[in-house]
Every structure is written in structure tokens, then in C-alpha cells.
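Accompanying notes for the structure given below.
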Amino acid sequence: MRAMYYEAFEATPDIRTLPDPTPTPGGVVIKLEATGLCRSDWHGWMGHDPDIRLPHVPGHELAGTVLAVGKEVRRFREGERVTVPFVSGCGHCGECRSGNQQICEEQFQPGFTHWGSFAEYVAIDYADHNLVHLPDAIDSATAASLGCRFATSFRAVVDQARVTGGEWVAVHGCGGVGLSAIMIAAALGANPIAIDISAEKLDFAKKMGAVATINARAVADVAEAVRDITGGGAHASVDALGSPVTCFNSIKNLRRRGRHVQVGLMLADHATPQIPMAQVIGHELEIYGSHGMQAWRYDAMLAMIESGKLAPQKLIGRHISLDEAVPALMAMDKATDLGISVITRF
Ligand SMILES: [Zn+2]
Ligand SMILES: [Zn+2]
């Protein structure tokens with residue numbers, strides 16, 4: 001198979017021919033139709049992710065057709081269109097048995113713990129627990145864009161923050177996660193407020209359903225600006241970026257009994273941010289993390305896409321080839337594109 005491959009972090013990846021994968025007894029091989037580029041792929045290539053062992057094939061936001069199935073797979077057959085959450089479960093640990101595959105104790109992540117989807121084929125293990133059938137109405141580029149940012153935002157807004165119609169939802173950071181969260185909150189009938197330092201991203205956030213925007217560079221105190229707009233604070237707030245500042249503001253801007261969800265990753269020297277704990281106690285705030293989404297929860301999200309309530313295709317930018325993905329990956333930290341780049345030619 002053709003695949004993007006690197007033997008050293010920060011070295012230019014190659015496109016080369018590698019042996020085709022074969023399925024494990026419980027796994028499948030998927031022929032890729034689309035796979036999204038994500039900042040996590042860039043972090044991986046930079047050597048920031050301890051799960052990656054070299055040499056490596058990146059890529060974790062994928063959709064395609066089942067090409068081969070292991071003999072123990074029950075729910076999937078050759079020729080079926082599928083996608084997979086970026087955090088996949090083992091199917092047999094306590095978390096998986098309780099339906100929380102997104103925090104599986106032995107989780108695997110294509111493109112991190114295993115070779116990923118920047119290739120013609122990818123092998124996925126424990127297929128019955130992790131694959132999701134795709135409706136015909138959802139094209140592969142859209143489906144590929146769900147696996148990481150969009151599904152993570154869906155779980156954050158719907159399952160963790162439990163957002164309902166009429167509530168104010170502050171979203172800190174308007175990258176892929178933040179824009180998805182805004183679209184999902186708006187579809188639930190809530191009032192999302194977009195917060196970012198880029199006027200261009202804030203304009204795009206309005207098109208995704210934000211009812212108000214705050215340019216964090218233009219106000220003295222973001223939390224106060226949110227309280228002004230909402231008459232006392234947001235019911236729910238998402239840190240979609242992941243920084244000590246956005247995390248702090250996202251908790252600080254809540255009204256009493258408000259819910260904060262941390263989605264943006266906090267790595268290295270950002271790992272232990274300041275939290276206004278007196279306010280958490282005195283106002284009975286709820287603080288959640290959110291980490292991917294289980295395959296079995298995709299049905300609710302896919303139903304909202306099929307009915308037109310959610311339109312993740314609006315977040316897609318360029319369609320590119322596997323060869324074009326090499327420079328795109330290397331420049332990911334400097335990318336100014338508003339939409340997600342998706343590889344659709346292998
Ligand atoms: Zn598990
Ligand atoms: Zn991703």
C-alpha cells in the first residue's frame with residue numbers, strides 16, 4: 001500500500017510502498033476513502049506523543065470501506081462503509097463493559113498507538129466494539145471529519161455539559177473543536193458565545209451559529225464580558241483550545257451551578273492550570289473532562305446530521321492528495337485555514 005511514513009520525528013515524511021495490512025481475528029482492514037488532517041498528527045510528528053513508536057504512519061480521522069474481516073468479527077462485512085472513533089476500546093475491560101470505550105484502560109488510537117490512516121489501507125482491531133456503520137447520505141470526507149474533533153465536541157456538549165435549549169454556552173477557542181461545539185450547541189437550541197483572538201474565526205463562528213462573539217484581545221476581562229452578555233454567566237462553558245488562560249476563563253465565566261468541560265488538551269507545562277476553586281465550591285460548579293466519544297453514541301450524532309440539524313461538512317476546507325498531505329502536515333502549526341483539510345486521493 002502507499003502510505004505516509006516517517007522514521008524520525010521532525011524529519012520530512014516519505015510517501016512509500018509498505019506491505020498491505022491483514023486483519024487480526026477480531027479486526028478488519030479498511031480501504032480509506034477519506035482521512036482528515038489534525039493538529040494532533042502534527043504533535044505526533046514533532047515527537048510530543050509518547051504513544052508513537054518509530055517508524056510510524058500517522059492519521060486518525062478516517063472513513064472507508066471494509067476490505068477484509070477477521071474470522072471472529074460478527075457485526076461487519078466486506079464492502080460496508082464505516083468510520084471509527086479516534087479512541088478505540090479493547091471491548092473487555094471494566095470501562096468498555098460499562099459503555100465507556102472512550103476511556104478504555106487498554107485503548108488504542110490509530111495513528112498514535114498503531115499505524116494510522118494516511119495510507120491506502122488501515123487495520124483496526126476489536127472491530128465489533130469500535131466500528132460505526134455509515135449511512136449512504138453521509139459522504140466519506142464528512143464522515144472522516146467526525147472521528148476526532150466533531151465527535152469529541154458532541155460528547156462534550158451533549159453528554160458531559162448536558163446543554164439544553166435556551167441555555168448560554170461559552171466556547172473558548174474557535175478551531176475545529178470550538179466551531180463544532182458552537183454548531184452542536186446551536187442545534188440543541190442553546191445560545192453559543194464564541195471567544196477567540198481572531199476576527200476571521202469569530203466571523204466564521206457566527207456562520208456556525210454563535211449568537212454573540214468576544215474578541216479576547218479587545219476586552220479587559222473575558223469572564224466579565226461573558227457575564228455581561230448572559231446576565232450573570234454561562235450555564236455551560238467549553239475550553240476548546242486548552243491553555244491555562246482559556247481554562248481559567250471558562251470556569252470563571254460560569255453562573256451558579258454552571259458546567260465547565262475541558263476538551264482542549266493540557267500538556268507539558270500546561271498540565272496543572274490554576275482553577276478558581278473557591279468559586280467552584282461556593283457556586284457548586286461542575287468540572288468535566290471529555291475525551292473522544294464511544295462508537296455506540298454515534299447513532300445520535302449521525303441522526304442529527306441526516307436530518308440536517310448538524311452540518312459538519314461546513315467545517316471541511318480543502319480536499320488534498322496523500323502527497324500534498326506531507327507539506328500540509330509539516331506546516332500544520334502555522335496553518336491559517338478555517339476548514340479541515342481532508343485527504344481524498346491516495
Ligand atoms: Zn477497554
Ligand atoms: Zn484529530
Which number in (1) away from ligand 2 (no atom under 15 Å from the Cβ); (2) outside any loop (DSSP other than H, G, I, E, B); (3) of a type in the set (V, I, T) marks the one condition that V73 misses? (2)
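Return a yes/no flag: does the stretch 308-322 have any residue that is open to solvent by 70 Å² or more (accessible area, probe 1.4 Å), at negative phi, in contact with a helix residue (DSSP H, G or I) (Cβ under 7 Å, 6 or more places away or on another chain) and part of a helix (DSSP H, G or I).
Yes.
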Of these, I193, I281, I214, which one is surrounded by 20 or more Cβ atoms within 10 Å (Cβ to Cβ) and over 16 Å from A161 (Cβ atoms)? I214
So, first residue within 19 Å of Y288 (Cα to Cα) and of a type outside the set (D, E) in the stretch 91-118, second residue within 16 Å of ligand 2 (Cβ to nearest atom) and open to solvent by less than 20 Å² (accessible area, probe 1.4 Å), Cβ within less than 6 Å, six or more apart or across chains; the pairs are Q102/V87; Q102/G292; Q102/M293
Based on what the data block shows, is R155 at positive phi and open to solvent by 20 Å² or more (accessible area, probe 1.4 Å)? no
In the stretch 7-16, is there at least one residue being open to solvent by less than 20 Å² (accessible area, probe 1.4 Å) and either more than 16 Å from ligand 2 (Cβ to nearest atom) or of a type in the set (A, V, I, L, M) (or both)? yes
Test for D299: is it open to solvent by 20 Å² or more (accessible area, probe 1.4 Å), acidic (D, E) and either assigned to a strand (DSSP E or B) or farther than 17 Å from W168 by Cβ (or both): yes
Among the residues of the stretch 38-47, are any away from ligand 2 (no atom under 15 Å from the Cβ) and surrounded by 21 or more Cβ atoms within 10 Å (Cβ to Cβ)? no
Across the stretch 179-194, what is the number of residues that are within 16 Å of ligand 2 (Cβ to nearest atom) and either closer than 14 Å to A234 by Cβ or of a type outside the set (G, A, S) (or both)? 2
State yes or no: is V66 assigned to a loop (DSSP other than H, G, I, E, B), more than 16 Å from ligand 1 (Cβ to nearest atom) and either β-branched (V, I, T) or not assigned by the TED database to the domain that holds L322 (or both)? no
Go through (1) free of Cβ contacts under 8 Å to residues at least 12 places away in the same chain; (2) within 9 Å of ligand 1 (Cβ to nearest atom) for R77 and report which single condition fails. (2)
Check every one of the strands (runs of 3 or more DSSP E) wholly within the stretch 1-57 and list those with 1 or more residues that are in contact with a helix residue (DSSP H, G or I) (Cβ under 9 Å, 6 or more places away or on another chain), within 23 Å of L267 (Cα to Cα) and at pLDDT 95 or above. 28-36
Taking the stretch 226-243 only, how many residues are open to solvent by 20 Å² or more (accessible area, probe 1.4 Å), out of contact with any His (no Cβ under 7 Å at 6 or more places or on another chain) and either touching a residue at least 40 places away in the same chain (Cβ under 8 Å) or not in a loop (DSSP other than H, G, I, E, B) (or both)? 4
Those residues of the stretch 196-225 that are of a type in the set (A, V, I, L, M), over 21 Å from A311 (Cα atoms) and not in a loop (DSSP other than H, G, I, E, B) come to a total of 5
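The values are calculated or read from the model by the stated rules, or taken from the named source; none is laboratory data. Please read these numbers as outputs of a predicted model, since none were measured by experiment. Neighbour counts are summed over all protein chains in view; Cβ atoms, including those assigned to glycine, are modelled from backbone coordinates with ideal geometry. These area figures cover heavy atoms from the full protein model, side chains too; ligands, DNA and RNA do not enter into them. Shrake-Rupley method; radii C 1.70, N 1.55, O 1.52, S 1.80 Å.
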